[in-house]
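Asker: I have a structure here, written as structure tokens, and I will follow up with some questions on it.
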2 protein chains.
Amino acid sequence: MTVLILTSEEDVTADMVVVHLNASGVPVVRLDPADLTGGVSLSGEYVHGSFRGHLSAGGRLVSIGGLRSVWVRRPGTPAGRAAQPSAWLTEEASQALYGMLRGSDARWMNHPDAARRARHKPWQLRLAQRRGLPVPATLITTFPRAAREFAERYPDLVVKPVSGAHPQDPPRAVPTSRVAPDADFSAVAFGPTLLQRRIAKRADIRLTAVGDRLLAARKAASPDADADEVDVRFAAPGLPWQPVDVPPRTAEAVRAYLRDAELAYGAFDFVEDADGTWWFLECNQSGQFGFVEVETGQPIARTIAEWLALPATGEEGTAHLNGRNSAVS
Amino acid sequence: MTVLILTSEEDVTADMVVVHLNASGVPVVRLDPADLTGGVSLSGEYVHGSFRGHLSAGGRLVSIGGLRSVWVRRPGTPAGRAAQPSAWLTEEASQALYGMLRGSDARWMNHPDAARRARHKPWQLRLAQRRGLPVPATLITTFPRAAREFAERYPDLVVKPVSGAHPQDPPRAVPTSRVAPDADFSAVAFGPTLLQRRIAKRADIRLTAVGDRLLAARKAASPDADADEVDVRFAAPGLPWQPVDVPPRTAEAVRAYLRDAELAYGAFDFVEDADGTWWFLECNQSGQFGFVEVETGQPIARTIAEWLALPATGEEGTAHLNGRNSAVS
């Protein structure tokens, strides 16, 4: 049974995981959908009530029925590097490749549907609330009056994008910023705005979840930190990331979140307040983990390799995402 | 409890359904996401572990918690008609609108994730096979040799796109065509090609499924039909569509297909062969039904209105699509 990794050629993080898979003798096929229909070929036959499918990449042929897991890392646009690329060819190649893989019994990290759903921040906030994770008071609105009333109730606010990264090429992260006390909210009418109560933080927490394994790291706020630097991605380098235990109730809530979200991998961002409470900010289903592994020495790549190496579900279930991620529950 | 319809302004099919909902006194809000942030506004607040959200359109305000169902008919691109449209604004508006709606307990026709998955033809074929619907022998390949071998086994073939409609503006349907016996398959290497055994058909069947209600119509092949005209969408107008009973085993398989696909609505295309067998061609989760209703008098719009008018699930379940479509099972 083979592990299929969908990613670009230059992906050092995937390299780290492949090293572990190779060391344990698990067959791996790695390909970039952008190389359809050049270096990557596919074929699937539906005859007499059954399906037989194959992928070929770098001269290796793998049976779709023989996949134990699929890691959707950083795949390129299907057929994006074809001799004559076009929107039509991309659509055909995407439907053919993912349409066949979706019919397989392999486990996914992460399933494309679960990944897509998990990117919706309003949905994340609701799910976190329902699973008992503390969520800072948040408003998403196009009503200037609603924004003004919210700012009266919660005078210390940050603003951030609803959708994450700006869709330019390459995508640009939009930093979270503090809202000035006398802010004019009339521009809210021109685009949905996410306002959130600022948590006076003692530390940032990154919790990396791989199946049911939780690896958390903590980065204490620098004692002389500028309170306006709310976004850890853009803050001056301070204290290092260090491994930290996950409080049992948080662990339980995080596992319930992942189960409902049908995710096998998630990078959770929390902030820790003065009382030690971890406040949920977001869960990035494709969040980077290399920097945490390097600073903390936590074996994230090895844990991912172990998850990918588990046997396929072998279920005849087809549609339910659940079936894919049984190792999560 | 309100029915929310997401569609464009000029949608006669939606009008038909709204007439029935109005007649039965069910509140309806209809809006086009393209009108964010002009005629359509939204606001959602996450405070103290709960969510309160609202949509406003045409001067009407509706609570997201008060939605019984969402009909995703033909929604425009979010914020597509904003004063200053941009990819960024569309992404923000899409995440805000669908992110909030995804967290609601409303039933969906169809849920965006289920709809997206259901568009994959290779996945459709596999699911139809698994649920016991006869599927004509099919090959999807980029290997010319595989295509040649398939054509030797099944000399009477049709070719059709993997993905459905050509993504130009407006989208163009690519007709299904017969493959000439001496076809050269070398171009298969440049793009995935779908080859399917041609069924010598006695009739086309359109089965419209609304929840667990199945409404089938049959259009007998014209006795002087040209065998090369395999695509009913492009054939000369022949005999009319007429209501037909669904064979019990087909009904059972179709209901299992919809349950696995987590679809509340699906338009199935079959062809009936000389033995009376219905061969599965595809299930279009957004297929038109107006022409069938007009020719057969089958009450499809009313059946959709009745499904939309059912109470919300009321479950606290968040992630599982299942919960949305409980009326299907």
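Only the coordinates and a few stated rules stand behind these numbers; no lab work does. Since the structure is predicted, the reported quantities are computational estimates derived from the model, not experimental observations. Neighbour counts run over all protein chains shown; Cβ positions are idealised from the backbone, glycine included.
Asker: Which residue in chain B puts its Cβ closest to the axis that rotates chain B onto chain A, and at what distance in whole Å?
Answerer: Residue of B nearest the axis onto A, distance in Å: B:D113, 2.
Asker: How far, in nm to one decimal, is A:D182 from itself in the other copies if the label point is set 7 angstrom along Cα toward Cβ? Shortest first, please.
Answerer: Sorted ascending, the copy-to-copy spacings read 8.5 nm.
Asker: Fewest to most neighbouring Cβ within 10 Å: what's the order for A:H54, B:H48? Could you put the intermediate results ahead of the total?
Answerer: Working: A:H54 19, B:H48 8.
Ordered by Cβ neighbours within 10 Å, fewest first: B:H48, A:H54.
Asker: Among B:L195, B:W241, B:V17, whose Cα lies farthest out toward the positive end of the dipole of chain B, if unit charges sit on the beta carbon of Lys, Arg (+1) and Asp, Glu (-1)?
Answerer: B:L195
Asker: When you look at the Cβ of every residue in A:242-255, what mean number of other chain Cβ atoms sits within 10 Å?
Answerer: Average neighbour count from other chains, rounded to a whole number: 0.
Asker: Averaged over all directions, how much area does the convex hull of the C-alpha atoms of the protein assembly as shown cover when projected, in nm²?
Answerer: 29.2 nm²
Asker: Only residues of region B:266-306 count here: report those whose backbone N is under 16 Å from the spot 7 Å along Cα→Cβ of B:V19, or say none.
Answerer: Of the residues in region B:266-306, B:289-306 have backbone N under 16 Å from the label point off B:V19.
Asker: In whole Hz and in residue order, list the ³J(HN,Hα) couplings for region A:265-272 that follow from phi through the Karplus curve 6.51 cos²θ - 1.76 cosθ + 1.60, θ = phi - 60°; x for Gly and Pro.
Answerer: Once θ is set to phi - 60°, the couplings for region A:265-272 become 9, x, 10, 8, 10, 10, 10, 9 Hz.
Asker: Starting from the Cα of B:K201, draw a straight line to each of the aspartates and glutamates and keep only those under 19 Å, dropping any in the same chain fewer than 8 residues away.
Answerer: Cross-link targets: B:D156, B:D224, B:D226, B:D228, B:E229, B:D231, B:D245, B:D269, B:E272, B:D273, B:D275, B:E282.
Asker: Same structure, new question: Calculate the spin-label point distance for A:R74 paired with A:S177, positioning each point 7 Å from the Cα along the beta-carbon direction, and give it in nanometres.
Answerer: Here the answer is 2.7 nm between the modelled labels.
Asker: Let me ask something additional. Every other copy gets compared here: list the nm distances from the B:R52 label point (7 Å along Cα to Cβ) to its counterparts, shortest first, one decimal.
Answerer: 6.2
Asker: Roughly how big is the protein assembly as shown's charge dipole about its Cα centre, with Cβ charges of +1 (Lys, Arg) and -1 (Asp, Glu), in debye to the nearest 20?
Answerer: Working: 72 positive and 76 negative charges, 182 e Å.
It works out to roughly 880 debye.
Asker: Out of residues 5 or more away from A:A203 or on other chains, whose amide H comes under 5 Å of its own, with H placed 1.01 Å from N in the peptide plane?
Answerer: Result for A:A203 returns A:A221, A:E272.
Asker: Taking the label point 7 Å from Cα in the Cβ direction, how far apart in nm is A:P27 from each other copy of itself, listed shortest first?
Answerer: For A:P27, the inter-copy label distances come out at 5.9 nm.
Asker: Within a 10 angstrom radius of each residue's Cβ in B:133-141, how many Cβ atoms of other chains show up on average? Whole number is fine.
Answerer: Partner Cβ neighbours, averaged per residue: 5.
Asker: How big is the charge dipole of region B:73-114 about its Cα centre, in debye rounded to the nearest 20, if each Lys and Arg gets +1 on its Cβ and each Asp and Glu gets -1 on its Cβ?
Answerer: In total the dipole reaches around 240 debye.
Asker: Taking amide H positions as placed 1.01 Å from N in the peptide plane, with prolines and chain starts having none, which residues 5 or more places from B:I5, or on another chain, fall under 5 Å of its amide H?
Answerer: It is B:V29, B:R30, B:L31, B:W71, by chain and number.
Asker: Still on this structure, please answer the following. What are the radius of gyration and Dmax of region A:24-146, computed over its Cα atoms and given in Å?
Answerer: When restricted to Cα atoms, region A:24-146 yields Rg and Dmax of 19.4, 62 Å.
Asker: Among B:S86, B:G65, B:V40, flag the residue with its Cα farthest along the positive direction of the charge dipole of region B:1-97, charges on Cβ as +1 for Lys/Arg and -1 for Asp/Glu.
Answerer: The residue sitting most towards the positive pole is B:G65.
Asker: Here is a follow-up. What is the dipole size for chain A, taken about its Cα centre, with +1 at each Lys and Arg Cβ and -1 at each Asp and Glu Cβ, in debye to the nearest 20?
Answerer: In total the dipole reaches around 580 debye.
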